[in-house]
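For reference, the structure is listed below as structure tokens.
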Amino acid sequence: MRYCFLDSGHHLGAIAASAYLHDKDIQLIFDFDKLALNTDLGFENKEFITACVISGEMQEKKVKRLRLKVPFVCGTDYFEANQFIEASYQVTALQQSCQQKLEQPQFKFDKDKFYQTIYNRRSTRRFRKQFISQEDYLYIWQQLQQPIPTENYEEIEIYSVVHRVEGMSPGLYKGKHLLKAGDFSEQTGYLCINQAIARDCAVTLFFVSDYTSYQTAIQIAGFLGQRVYLGSNYMAIQCSGIGAYYDDETQRFLETTKDVLYAMTIGN
């Protein structure tokens, strides 16, 4: 489920990037009756609604239910039901998110360059243990500080393990504050299921949350992950998301009781 919802968040981030290119504001909506909409669209528990994006003004309007059942066409040649995923979706779809005032982000990109960044956005599979500049790293952080255009929200805290950033002490940071100094590259590699990219990158990021709505929180983590991808690639820095890690051991390393939702790596 983690991978599915993170990917959904990345999709939302891609839509947000496209909206920026076309000078459109959008709003992400996570709190609505997803189970009823699944039924109305005839998805038969083979596809699942996770979120909604709108552009333009919202208006109250009575909507009539469809009189005929919508036929479902499976997107693959086969389907294998998973009771754990179905049950987990049903439970988490009913959770209500925290609420906040809607605020639109204000990015400053060269649009032609940003268009090419979106078009060429890729995940790297190997880092060369090179340093990145502190200026570029802080630029990526600035993108993460921009508002998320939604009234449904979950607070995401970001820990960063700095390995190779010019002018910064290696160590574990919460936000921009150093919690403990040291070279933790081997440890982050181990925590991310012995993946070399978490060891050889310039920075490993961990997104954590004490959420009320699992679906909303993890999709927002994916949404922020898309910002990390685009902000990094815009500065010619490579990036890769990591959805597999030792959850309990990562919590102990970060010294947090909050759930770890996502890990990301940036560097060259």
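Nothing in this text is a laboratory measurement; each read-out follows from the coordinates by a stated rule. Keep in mind that this is a model prediction, so the values were computed, not measured. So basically every Cβ, Gly included, is an ideal-geometry build from the backbone, and we count neighbours across all protein chains shown.
One table, with the values for the structure above:
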item: Residue match in segment 128-138 (condition: surrounded by 15 or more Cβ atoms within 10 Å (Cβ to Cβ), in contact (Cβ under 8 Å) with a residue 24 or more places away in the chain, within 19 Å of the chain's Cα centre (by Cα) and closer than 28 Å to Thr204 by Cβ); result: yes
item: Residue tally, condition exposed (fewer than 10 other Cβ atoms within 10 Å of the Cβ) and farther than 30 Å from Leu102 by Cα, over segment 58-71; result: 3
item: All helices (runs of 4 or more DSSP H) inside segment 1-109 with 3 or more residues being closer than 24 Å to Tyr153 by Cβ and of a type in the set (Gly, Ala, Ser); result: 2-21
item: Test result for Ile218, touching a helix residue (DSSP H, G or I) at 6+ places or on another chain (Cβ under 9 Å), under 21 Å from Tyr3 (Cβ atoms) and surrounded by 22 or more Cβ atoms within 10 Å (Cβ to Cβ); result: yes
item: Out of Phe107, Phe43, sole residue that is closer than 24 Å to Leu261 by Cβ and either of a type in the set (A, V, I, L, M, F, W, C) or in contact with a Ser or Thr (Cβ under 7 Å, 6 or more places away or on another chain) (or both); result: Phe107
item: Subset of segment 185-203 that is among the small types (Gly, Ala, Ser) and over 11 Å from Ser160 (Cα atoms) - its residue that is surrounded by the most Cβ atoms within 10 Å (Cβ to Cβ); result: Ala198
item: Qualifying positions in segment 72-94 - of a type in the set (Ser, Thr, Tyr) and either surrounded by 13 or more Cβ atoms within 10 Å (Cβ to Cβ) or touching a residue at least 60 places away in the same chain (Cβ under 8 Å) (or both); result: Ser88, Tyr89, Thr92
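Yes or no, residue by residue, for (1) surrounded by 13 or more Cβ atoms within 10 Å (Cβ to Cβ); (2) out of contact with any strand residue (DSSP E or B) (no Cβ under 6 Å at 6 or more places or on another chain):
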residue	(1), (2)
Lys108	no, yes
Arg125	no, yes
Gln145	no, yes
Asn152	yes, yes
Tyr159	yes, no
Arg164	yes, yes
Met168	yes, no
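Conditions tested, residue by residue: (1) among the hydroxyl-bearing types (Ser, Thr, Tyr); (2) on the phi < 0 side of the Ramachandran plot.
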{"site": "Asp31", "(1), (2)": "no, yes"}
{"site": "Gly42", "(1), (2)": "no, no"}
{"site": "Glu47", "(1), (2)": "no, yes"}
{"site": "Gly56", "(1), (2)": "no, no"}
{"site": "Ala81", "(1), (2)": "no, yes"}
{"site": "Glu86", "(1), (2)": "no, yes"}
{"site": "Gln95", "(1), (2)": "no, yes"}
{"site": "Arg125", "(1), (2)": "no, yes"}
{"site": "Ser133", "(1), (2)": "yes, yes"}
